[in-house]
Structures are given as structure tokens and as C-alpha cells.
Amino acid sequence: DVVLTQTPPTLSATIGQSVSISCRSSQSLLDSDGDTYLNWLLQRPGQSPQLLIYSVSNLESGVPNRFSGSGSETDFTLKISGVEAEDLGVYYCMQATHAPLTFGSGTKLEIK
Amino acid sequence: QVTLKESGPGILQPSQTLSLTCTFSGFSLSTYGMGVGWIRQPSGKGLEWLANIWWDDDKYYNPSLKNRLTISKDTSNNQAFLKITNVDTADTATYYCARSLYYGLLLPDYWGQGVMVTVSS
């Protein structure tokens, strides 16, 4: 199974600060069809996860453009440019290139 | 507007069979490329994908649990179901259903609110 390692496990930020979360894969997530199926989700406290970014860098509809994703092969990054209070929660990366589908262990974003 | 809602027994005893229902609206499981999946999350822990069913009745199971899982659907009533046999305390979790799109293995774009399931004697 593909192992996704997220760092840091916990992140503390002030409002307006820019932060980055890393997701490293145990194998390349580049699919034979040329796409890379690495997605990012946010789970706010007491809520279900929501899709933020799909295929590395595509913003899901309705997601603010302060969120951005980048990376390739095995190294991926989620960046929040100017954290807002509503961004607190746990961020998960998720790969859908290799069966079985797997998730990272999560990065908890706290607001100072 | 896409919505999904899970329902389940709340509590059950070890060795019993867990039956979960996902009732959804805003899309059809008879539409090409549509699917519904089940994911669980033990309290305070991470996410685990369990199973997915597609518009054409194709099914995908997590190999680590495959022998215990059965996913099915009722397209006419906009429902998907998951059964887990021989449960034990390790199956205690919040169970989510999610709409999945046929993109890579799948892309979960809408999630239900989740239903808590406790396995206890």
C-alpha cells in the first residue's frame, strides 16, 4: 500500500500568516494516464471532510483561492496564503493513483 | 444540491453484522461516472477507505477488510448500503458515505455528516 507521510503533524499560525503542509508518498503518484491523483481535504472540528484540491493543484469549486497545491511524483505541498480563522482543522492528503486508496495521517492547523 | 446522510444502528455487539445505509439526493447512481463510497474514522484518528460502488455496479473493496465487507445499492431509492460482518471493538468509528466521481481510482467530492457506531459487549 502507498504510505503518505504528512509534515508537520501540528501547525500553529496567526491570522494572515502563510503556511505550508508537506505530503510525501512512498511511491510515485504519476498514473500511466499522465495524471497525478493526489488530493487534499480539510476536516473542520466536528465536521466531515471536504475536498479542497484534486489532482495536485486543481481547486475544488467554492474553495477560496488562498489555497493552492503543488508537487509531483512523490512530493506534494498544500499552501495557505493568508490563514483565516475558518481554516482551522485537520488537513489530509489522499492518493487515488494506486489501489488501495490511502490517506495521510493528517496535519492539524491551530490558530494562535 | 448534493446531499448524503448515513444511518446505522448506533451500538452493536461483537460478532454481529453492521448494516449501514447512505441516503442521497442531487445525483443518480445510474449516471455514468457516479459512485458512492464508505469511509470510517475512529475517534481522534485518521481516515480509512472501505468500499465503493459505481453506476455500473462495479465494486471496490479495501483488501484489508474485503472478506468482511459487502457494498450494494438501490438506484431507484437513491441509497447505498454497507455491511460489515463479525464486528469487534476495532470497528468502533464514525462512518461516512461520500459521492465519488470516476477520476483516478475515485474522487470523493461530497461527504455525509457521518454516523457513529460503537461495538461493545
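If you go through the range B:1-22, how many residues are surrounded by 13 or more Cβ atoms within 10 Å (Cβ to Cβ) and either of a type in the set (Asp, Glu) or assigned to a strand (DSSP E or B) (or both)?
11
Do we find that A:Asn65 is within 11 Å of chain B (Cβ to nearest Cβ) and out of contact with any helix residue (DSSP H, G or I) (no Cβ under 6 Å at 6 or more places or on another chain) in this structure?
In short, no.
Can you name every residue in the range B:23-62 that is more than 10 Å from every other protein chain (Cβ to nearest Cβ), of a type in the set (Lys, Arg) and open to solvent by 50 Å² or more (accessible area, probe 1.4 Å)?
B:Lys59 - this is the single residue of the range B:23-62 that is more than 10 Å from every other protein chain (Cβ to nearest Cβ), of a type in the set (Lys, Arg) and open to solvent by 50 Å² or more (accessible area, probe 1.4 Å).
Which members of the range A:103-112 meet the condition of being within 14 Å of chain B (Cβ to nearest Cβ) and either of a type outside the set (Lys, Arg) or open to solvent by less than 10 Å² (accessible area, probe 1.4 Å) (or both)? Steps first, answer last, please.
Step one: filter the range A:103-112 for residues within 14 Å of chain B (Cβ to nearest Cβ), giving A:103-108.
If the condition is that a residue be within 14 Å of chain B (Cβ to nearest Cβ) and either of a type outside the set (Lys, Arg) or open to solvent by less than 10 Å² (accessible area, probe 1.4 Å) (or both), then A:Phe103, A:Gly104, A:Ser105, A:Gly106, A:Thr107 are the ones that fit.
I want to confirm something. Restricting to the range A:70-102 and keeping residues that are within 11 Å of another protein chain (Cβ to nearest Cβ), of a type in the set (A, V, I, L, M, F, W, C) and open to solvent by 30 Å² or more (accessible area, probe 1.4 Å), which single residue is nearest to A:Gly46 (Cα to Cα)?
My answer is A:Val90.
Regarding B:Lys66, is this residue more than 8 Å from chain A (Cβ to nearest Cβ), under 13 Å from B:Leu20 (Cβ atoms) and among the basic types (Lys, Arg)?
Considered against the rule, which asks whether it is more than 8 Å from chain A (Cβ to nearest Cβ), under 13 Å from B:Leu20 (Cβ atoms) and among the basic types (Lys, Arg), B:Lys66 comes out as no.
Give me the pairs, please: first residue somewhere in the range A:46-60 and at the interface with chain B (Cβ under 7 Å from one of its Cβ atoms), second residue anywhere and of a type outside the set (A, V, I, L, M) and assigned to a loop (DSSP other than H, G, I, E, B), beta-carbon distance under 7 Å, and either six or more positions apart or on two chains.
A:Ser48/B:Gly112; A:Ser48/B:Gln113; A:Ser48/B:Gly114; A:Leu51/A:Glu60; A:Tyr54/A:Glu60
Output the number of residues of the range B:73-121 satisfying the condition of being away from chain A (no Cβ under 14 Å), open to solvent by less than 40 Å² (accessible area, probe 1.4 Å) and over 14 Å from the mean Cα position of the chain (by Cα).
Total meeting the criteria: 2.
Hey, could you check the range A:1-28 for residues that are within 13 Å of A:Phe103 (Cα to Cα) and assigned to a loop (DSSP other than H, G, I, E, B) and say which is least open to solvent (accessible area, probe 1.4 Å)?
Here the answer is A:Val2.
What single numbered condition from (1) within 14 Å of the chain's Cα centre (by Cα); (2) farther than 20 Å from A:Asp1 by Cβ fails to hold for B:Gly26?
Here B:Gly26 clears every test but (1).
The values are calculated or read from the model by the stated rules, or taken from the named source; none is laboratory data. Treat the numbers as computed from the prediction; the structure is a model and nothing was measured. No Cβ is skipped: glycine too gets one built from the backbone with ideal geometry, and neighbour counts run over all protein chains shown. SASA here: full protein model, heavy atoms, side chains in, ligands and nucleic acids out. Shrake-Rupley method; radii C 1.70, N 1.55, O 1.52, S 1.80 Å.
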